[in-house]
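Notes for the one structure printed next.
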Amino acid sequence: MKKIRVGIVGYGNVGRGVIKAVDAASDMELAALFTRRDPKTLDIADSGIPICNLNDAEKMKDEIDVLALCGGSATDLAEQGPRFAASFNVVDSFDTHARIPEYMAEVNAAAKNTTAIISSGWDPGLFSMMRLMFETFLPDGISYTFWGKGISQGHSDAVRHVEGVKDGVQYTIPVKSAIESVRRGERPVLDARQKHTRQCYVVAEPGADEAALEEKIKTMPHYFADYNTTVTFVKEDDLKANHSKMPHGGTVLHSGRTGENEHVMEFLLKLDSNPEFTGSVVAAYARAAVRLAAERCYGAKTVFDVPLAYLSEKSRAVLVKELL
């Protein structure tokens, strides 16, 4: 069986997660890793994995079946998604919810003869699927999504891109009283501040104005402006010692009724490693992108457009026998 040749753009946390997922898949192989960094500086420099300059990616389009874009949504993917979708089947985990329609349109315009699956992490992605199913099964109801407690990759990346920030992480923390109210079937009307708080731990560059950095972070559109956000400045050693792990997770709930009967649906995710799980989801959708492309199903796609069976290594017959 010919293996799916996967290329990876970016050797950050999600990129490492995709590498592990590809290594674990019997139908995939890593064709190349593309990076802006000096290949000799990477900890996999001697692994035998082809490590190439990002600008050389298009030269290898005939050697790659699908390209996993593993950069951050705040800056990398906005440029890389449309660029690489013009030449490759691609998959990414773009997670700036408010900008997804705009981003999808840009990628779709580029993907004229390729398949591009966007926003295929766990939220957006897996949680999006849950929201769709819950609302479809119980249309007379309300859906709620709570994230955390955990480190958000996208929000942490946004913090680190603030000029004057040397390093930083952001924890998303759900408001417990809000979750319990939903579980009781009370259907509260909740705004962003009532559902979550955000806690940032930041290492400032030497000489940076910490008060100005705090204001920039707290007022950042799409990320922090709509939440009660706390910014705590710490030393670099403290950040590494106490905030280097990357747990995350969350809950999708739906409270609805059929006639006179009340129902609550819940999907819970608890992750020891946010990026490794995200990498596993991205790898599964990379498989789906190749299958859709073989059917000439081109353009930008989301998790709503992908048949579930296309995600699995197993055949349809095996899936029906074992899982249905």
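The values are calculated or read from the model by the stated rules, or taken from the named source; none is laboratory data. Because the structure is a prediction, the values reported are computed rather than measured. Ideal geometry is used to build each Cβ from the backbone, glycine not excepted, and the neighbour counts take in all protein chains shown.
List of remarks:
- Single match in Gly207, Gly125, Gly185 (criterion: under 17 Å from the mean Cα position of the chain (by Cα) and not β-branched (Val, Ile, Thr)): Gly125
- When restricted to residues that are hydrophobic (A, V, I, L, M, F, W, C) and at pLDDT below 95, segment 238-275 contains 1.
- Scanning segment 82-96 for any residue that is in contact with a Cys (Cβ under 9 Å, 6 or more places away or on another chain) and not hydroxyl-bearing (Ser, Thr, Tyr) turns up at least one such residue.
- No other residue among Val189, Val282, Val264 is of a type in the set (Val, Ile, Thr), in a helix (DSSP H, G or I) and either surrounded by fewer than 21 Cβ atoms within 10 Å (Cβ to Cβ) or not assigned by TED's automatic domain parsing to the domain that holds Val165 (or both) apart from Val282.
- Annotation note: of Arg99, Arg83, the sole residue that is in contact (Cβ under 8 Å) with a residue 40 or more places away in the chain and of a type in the set (Lys, Arg) is Arg99.
- When segment 202-225 is limited to residues that are of a type outside the set (Ser, Thr, Tyr) and at pLDDT below 95, the one that is surrounded by the most Cβ atoms within 10 Å (Cβ to Cβ) turns out to be His222.
- Residues within segment 190-247 that are within 22 Å of Leu271 (Cβ to Cβ) and among the basic types (Lys, Arg), tallied: 4
One line per residue, one yes/no per condition, for (1) of a type outside the set (Lys, Arg); (2) in the same structural domain as Tyr285 (by TED's automatic domain parsing); (3) at pLDDT below 95; (4) buried (at least 24 other Cβ atoms within 10 Å of the Cβ):
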| residue | (1), (2), (3), (4) |
| --- | --- |
| Asp76 | yes, yes, yes, no |
| Pro82 | yes, yes, no, no |
| Ala86 | yes, yes, no, no |
| Asn89 | yes, yes, no, yes |
| Ala110 | yes, yes, no, no |
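- Only helices (runs of 4 or more DSSP H) whose full extent lies in segment 54-164 are considered here, and the ones with at least 2 residues that are farther than 30 Å from Glu186 by Cβ and of a type in the set (Gly, Ala, Ser) are 76-85, 100-110, 153-160.
- Tally, over segment 17-45, of residues that are touching a residue at least 40 places away in the same chain (Cβ under 8 Å), surrounded by 15 or more Cβ atoms within 10 Å (Cβ to Cβ) and out of contact with any helix residue (DSSP H, G or I) (no Cβ under 7 Å at 6 or more places or on another chain): 1
- The residue of segment 2-12 that is farthest from Asp272 (Cα to Cα), among those that are in contact (Cβ under 8 Å) with a residue 60 or more places away in the chain and surrounded by 20 or more Cβ atoms within 10 Å (Cβ to Cβ), is Ile4.
- With respect to the stated conditions, Ile117 fails to be at pLDDT 95 or above, within 28 Å of Thr230 (Cβ to Cβ) and assigned by TED's automatic domain parsing to the domain that holds Lys61.
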